[in-house]
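The values are calculated or read from the model by the stated rules, or taken from the named source; none is laboratory data. Given the structure is predicted, the values throughout are model-derived calculations rather than measurements. Note that each Cβ is placed from the backbone with ideal geometry, even for glycine, and that neighbours are counted across all protein chains shown.
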Amino acid sequence: MASPSNVVAFGGAAGNESKPLPTLTLRESGVGSRESGFGSRESGVGNGEECRVKDLIARKRDGESLTADEWSHVVAAYVAEEIPDYQMAALLMATYANGMVHSEFTALADAMLASGERLPADGHAPWIDKHSTGGVGDKVSVVLAPLVASCGVPVPMMSGRGLGHTGGTLDKLEAIPGFRTQLSLKEVREHMDRIGAVMIGATEQMVPADKKLYALRDATATVEAIPLIAASIMSKKLAEGLAGLVLDVKRGSGAFLPKHQAGIELAQLIIEYGAARGCRCVALVTAMDRPLGFACGNALEIEEAIEALHGRGPADLMDLTYALGTEMLLLGGVVTNAKQGRQRLVDAIGSGRAADKFREIVEAQGGNPLVVDDPAVLPQARIHRVYEAPASGYVVAVEPRLIGEAVVAMGGGRNAMEDDIDPSAGVSITVKPGDTVNGGDAIASVYAADGRLAEIGLAALANGVRIAGEPPAEILPLVSHRVTADGVEELA
């Protein structure tokens with residue numbers, strides 16, 4: 001593993017190798033690299049010899065790099081169920097521990113993309129999507145897809161499920177009774193032609209490698225690795241036939257990459273890879289040192305996202321939605337500057353077009369469209385407990401990781417790949433760092449299936465919402481950096 005003194009940002013021309021960020025990122029090429037193909041250290045690809053996955057695991061464990069052919073074949077074999085989960089889990093852990101050289105990342109992303117079919121990239125207006133690296137209370141995607149589509153930019157949004165302590169857009173959408181996130185390619189094309197938006201996950205047809213690896217990474221604590229994150233994101237997004245992608249890179253204590261420099265490196269890697277494949281990418285680095293909005297939990301977040309589509313969402317949720325949506329409109333070519341883009345988004349919400357578009361999406365994908373006007377359609381928790389401020393003072397912290405872990409423990413997320421989810425479980429926290437409270441004020445609510453699970457949420461609030469006599473020393477800006485192919489712009 002590299003020492004911290006070797007940490008550098010991604011940079012230079014496409015194809016350059018980077019030195020390592022410990023446990024998270026790419027490392028120098030040439031160290032232990034082999035020219036041999038998939039199988040043993042001596043054998044080549046396609047020579048008929050048995051694929052010796054154990055050798056590949058051992059090489060990654062020992063800090064060596066695998067060839068492009070080896071990554072291509074191991075991904076294909078895993079999708080074909082010729083490699084068991086336990087061996088792929090070991091390879092992921094070895095990759096997490098020792099990183100990848102740039103050529104390995106490119107090979108992995110390409111192999112994942114090649115594991116399924118792709119939507120056409122031409123013959124239509126530019127398709128633009130957004131992706132978040134994951135946070136607590138982050139329901140922006142649910143708002144953005146219908147909002148941006150209502151402004152004339154087609155959005156084929158392919159998302160994932162919950163990872164670790166963070167929620168997943170697919171799990172949130174499936175809280176809507178009947179909503180289908182698994183659509184055929186034919187259905188996706190039909191919805192894009194007719195509605196201009198679709199909200200789906202990886203399928204057996206599109207990026208099946210990511211569907212399997214995504215769940216395995218979540219279950220094996222190998223989420224926080226820059227090359228694995230980037231390969232997952234870009235294999236999904238390029239399969240959509242995108243012309244542009246806006247990336248929301250989270251920083252802070254609740255992010256997978258807490259330090260903003262690591263987030264910038266991820267953004268630069270994705271921007272470089274996308275540019276080489278005809279997809280323009282822009283990234284915003286945003287705060288995750290506190291939950292986004294108020295609601296944390298699948299059904300609760302859908303309700304809050306619908307409130308945002310009606311213009312009634314929490315201020316931070318609305319501001320981030322407008323910032324990311326503006327970038328999508330700019331990439332889609334329907335506006336020429338940020339001021340124009342934000343106004344177009346505001347108008348779409350104010351006129352009701354954004355909510356109407358979400359209603360169209362929900363109905364087209366089998367969900368109950370009444371949810372847009374009546375949140376009682378969503379699953380309701382049996383137990384509701386109110387959490388009161390234990391003292392007067394300033395809110396100095398609302399720890400997103402503790403809150404996210406509690407939602408998972410309450411049944412709102414997964415500890416194992418096969419776990420079922422309780423979509424009604426979650427918490428709603430109505431205070432932010434810097435707010436003043438009085439002892440006894442109702443500042444949060446817990447929603448759970450039973451009293452024991454509710455106590456988990458209350459305990460997390462007691463530990464995660466901290467109150468002191470002085471205001472917090474630092475609160476991260478909601479949007480701190482903008483990253484493009486031209487460089488990094490510090491915004492706050």
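None of ILE443, ILE429, ILE475, ILE421 is touching a strand residue (DSSP E or B) at 6+ places or on another chain (Cβ under 7 Å), in contact (Cβ under 8 Å) with a residue 60 or more places away in the chain and β-branched (Val, Ile, Thr) except ILE429. Only one of the numbered conditions (1) of a type in the set (Lys, Arg); (2) over 18 Å from the mean Cα position of the chain (by Cα); (3) modelled with pLDDT of 95 or more is violated by ARG277, and that is (3).
Being buried (at least 17 other Cβ atoms within 10 Å of the Cβ) and either assigned by TED's automatic domain parsing to the domain that holds GLY167 or not charged (D, E, K, R) (or both) is a description that applies to LEU378. Of all the criteria given as (1) in contact with a Ser or Thr (Cβ under 7 Å, 6 or more places away or on another chain); (2) modelled with pLDDT of 95 or more, the one not satisfied by ILE195 is (1).
Quick check on GLN343: is it under 30 Å from HIS191 (Cα atoms), of a type outside the set (Asp, Glu) and without any contact (Cβ under 8 Å) to a residue 12 or more places away in the chain? Considered against the rule, which asks whether it is under 30 Å from HIS191 (Cα atoms), of a type outside the set (Asp, Glu) and without any contact (Cβ under 8 Å) to a residue 12 or more places away in the chain, GLN343 comes out as yes. Restricting attention to segment 182-213, the residues that are touching a helix residue (DSSP H, G or I) at 6+ places or on another chain (Cβ under 6 Å) and of a type outside the set (Val, Ile, Thr) add up to 11. Within segment 449-492, if we keep just the residues that are small (Gly, Ala, Ser), at pLDDT 95 or above and loosely packed, with under 12 Cβ neighbours inside 10 Å, the residue that is farthest from GLY439 (Cα to Cα) turns out to be GLY487. Of all the listed residues (MET88, MET93, MET112), the sole one being in contact (Cβ under 8 Å) with a residue 12 or more places away in the chain and either buried (at least 24 other Cβ atoms within 10 Å of the Cβ) or closer than 30 Å to PHE358 by Cα (or both) is MET112. Selection of segment 435-492 for residues being in a strand (DSSP E or B) and closer than 29 Å to ALA262 by Cα yields VAL465, ARG466, VAL479, SER480, HIS481, ARG482, VAL483, THR484, GLY487, VAL488, GLU489, GLU490.
Restricting VAL246, VAL223, VAL282 to residues that are part of a loop (DSSP other than H, G, I, E, B) and touching a helix residue (DSSP H, G or I) at 6+ places or on another chain (Cβ under 9 Å) narrows the list to VAL223.
Matching residues to (1) of a type in the set (Lys, Arg); (2) outside any helix (DSSP H, G or I); (3) at pLDDT below 95:
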site	(1), (2), (3)
VAL45	no, yes, yes
GLY48	no, yes, yes
CYS51	no, yes, yes
HIS73	no, no, yes
GLU82	no, yes, yes
MET88	no, no, no
ALA94	no, no, no
GLU104	no, no, no
LEU108	no, no, no
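The rows are residues; the columns are (1) charged (D, E, K, R); (2) more than 22 Å from ASP248 (Cβ to Cβ).
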site	(1), (2)
ALA76	no, yes
HIS102	no, yes
ASP110	yes, yes
ASP129	yes, no
SER132	no, no
GLY137	no, no
CYS151	no, no
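Does SER232 count as under 18 Å from VAL249 (Cβ atoms), in contact with a Ser or Thr (Cβ under 6 Å, 6 or more places away or on another chain) and touching a residue at least 12 places away in the same chain (Cβ under 8 Å)? For SER232, the condition - under 18 Å from VAL249 (Cβ atoms), in contact with a Ser or Thr (Cβ under 6 Å, 6 or more places away or on another chain) and touching a residue at least 12 places away in the same chain (Cβ under 8 Å) - is not met. Being β-branched (Val, Ile, Thr), farther than 25 Å from GLY164 by Cα and surrounded by 15 or more Cβ atoms within 10 Å (Cβ to Cβ) is a description that applies to ILE443. Pairs meeting the criteria (first residue in segment 199-215 and closer than 18 Å to VAL155 by Cα, second residue in a strand (DSSP E or B), beta carbons under 6 Å, at least 6 apart or on different chains) are MET199/MET157; ILE200/MET158. If you go through segment 322-345 one residue at a time, do you hit one that is assigned by TED's automatic domain parsing to the domain that holds ASP486, touching a helix residue (DSSP H, G or I) at 6+ places or on another chain (Cβ under 7 Å), assigned to a helix (DSSP H, G or I) and among the β-branched types (Val, Ile, Thr)? Yes: segment 322-345 contains one or more residues that are assigned by TED's automatic domain parsing to the domain that holds ASP486, touching a helix residue (DSSP H, G or I) at 6+ places or on another chain (Cβ under 7 Å), assigned to a helix (DSSP H, G or I) and among the β-branched types (Val, Ile, Thr). Scanning segment 311-321 for residues that are of a type outside the set (Lys, Arg) and either assigned to a helix (DSSP H, G or I) or closer than 15 Å to ALA295 by Cα (or both) turns up GLY313, PRO314, ALA315, ASP316, LEU317, MET318, ASP319, LEU320, THR321. When you scan segment 291-304, do you find a residue that is aliphatic (A, V, I, L, M), closer than 26 Å to VAL396 by Cβ and assigned to a helix (DSSP H, G or I), even just one? Yes, segment 291-304 has at least one match.
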